[in-house]
1. For the chain, what is the largest minus smallest coordinate of the Cα atoms on each principal axis, given in angstrom and ordered from greatest to least?
2. Which value at 222 nm does the chain reach when only helices count, each DSSP H run of 4 or more adding -39,500 (n - 2.57), with the total divided by all residues and rounded to the nearest 500 deg cm²/dmol?
3. Within segment 110-152, which trypsin sites (Lys or Arg not before Pro) sit in a loop by DSSP and count at most 15 neighbouring Cβ atoms inside 10 Å?
4. Suppose a student asked you for the relative contact order of segment 99-301, using Cα pairs under 8 Å spaced at least 6 residues apart; what percent would you report?
5. So how many Å³ per residue does the convex hull of the Cα atoms of segment 4-94 work out to?
6. Let me know the charge dipole size of segment 1-97 about its Cα centre in debye, to the nearest 20, where only the beta-carbon of Lys, Arg (+1) and Asp, Glu (-1) is charged.
7. Counting other C-beta atoms within 10 Å, which of Tyr201, Tyr235 has the fewest, and how do the rest follow?
8. Kindly express, to the nearest 10 degrees and within the range 0 to 90, the angle between helix 209-219's C-alpha long axis and the longest C-alpha principal axis of the chain.
Amino acid sequence: MGGIAADLDALFDQTDSLARRPRSVRELPGGLTNRNYKVVTPDGAFVARLSSGGSELLAIDRDCEYRNSVIAAAAGAGAPVAEYRPQDHMLVVGYIEGRTFGAADVAAPGNIPRIADACRRLHCGGRFVNDFDMFDIQRRYLAVARSHGFRIPAGYDDLLPQFSAAEKALAVRAEGTVPCNNDLLAANFIDDGDRIWLIDYELSGNNDACFELGNIGAESHLSGEGLADLVTAYYGRVRRSRIARARVLGLVGMYGWTLWGAIQNGASPIDFDFWGWAMERFEGAAAGFTDGDFAGLLEEAQHDD
C-alpha cells in the first residue's frame, strides 16, 4: 500500500479491535470533521472515526464524545464502543447494518414516531458528561470567527436581537435538560429494519429536548405539520408550547450552525462547500427570525400546557 492507505494499515495493526486479519477497509461517505472507515475483521464490522484538526474551534471535545458514546450505547440508542485511541485521534464503534436516512425518510409519516422513540431512548438514558447550550455555543463560535477573521454572512449581526429575544423567552418554561445528540441530520439516523439508531456524538451534551426535535426538523426541512407530529409523538400528546419551542430552537440552531460552517469554511482542510452549507442555514434562520409569526411563536413557547 502507499500513502495514507499504508498509514491506515499500520494504525489498524496497532488497534486491538481492528488488528485481526483478513481485514477489509472501505472509506465511508460523509463526515465533515472526521474521516470514517468501515473495517471488517474476523471479530466483526466496525467504524473507525479519525478526527481532523480544528475540533477545538468548533467546541468539540473528543474525550466527551467517547464517554457520551459509551453512555448512548448503554441506553440502546447508539452503536457499541469498541475502542478509543486519543493519541491517534480515533474512536472505534460497532458498524450498524442498516439504511442511512435521507431527508425524505425523516419526513415520512411512518418514521416520525420511530424517530421520536429513538430520541426518547437516548434522552431517558444516563446523563452525559458535558452540557450543550446553543446560545452559549453561538457566542463562542462568534468570538472564534471574529478573532480569526473568518468570513461571516452579511447581515448576521442584524439578527442578534431576535436571537436574544428567543433566549429570554425560552428561559420562562425551561424543563431542564436531557442527554442529546444535538446533530441529528438525516445521515445520523440508521434504520436496521427494527429500530432507528442515532450515530455520531461529537456534539453531544445535555440539552433541551426541544432543541433535539427542532434541530431534526430544521436539518431535514420538515414542514410545520411534520415538526408538530414529531413533537407530539415525542411527548405522547399535543403540547402547543413545546411545538413552538421546537420551532424556535430549530431557528436558533440554524443561526448558530451558520457560524460552524463559517469557521469550517475558514479553517477546514476538507474539500467541501462549507460556505454554501453556512448560507443555507443562515437563510433559513433569517427567514424564520424575520417572519411575522416569530413574536407569536415566542409568546406561545412561554405558555403552560
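1. Result, largest extent first: 61, 46, 32 Å.
2. After summing the helix terms and dividing by residue count, I get -14500 deg cm²/dmol.
3. Arg127, Arg151
4. About 28 percent, as a whole number.
5. Expressed per residue, the convex hull around the Cα atoms of segment 4-94 is 101 Å³.
6. 240
7. Exposure proxy ranking, most exposed first: Tyr235, Tyr201.
8. 80
Where a number appears in this text, it was derived from the coordinates with a stated rule and is not lab data. Just so it is clear, the model here is predicted, and its values are computed rather than measured. Note that we place each Cβ from the backbone using ideal geometry, even for glycine, and neighbour counts take in every protein chain shown.
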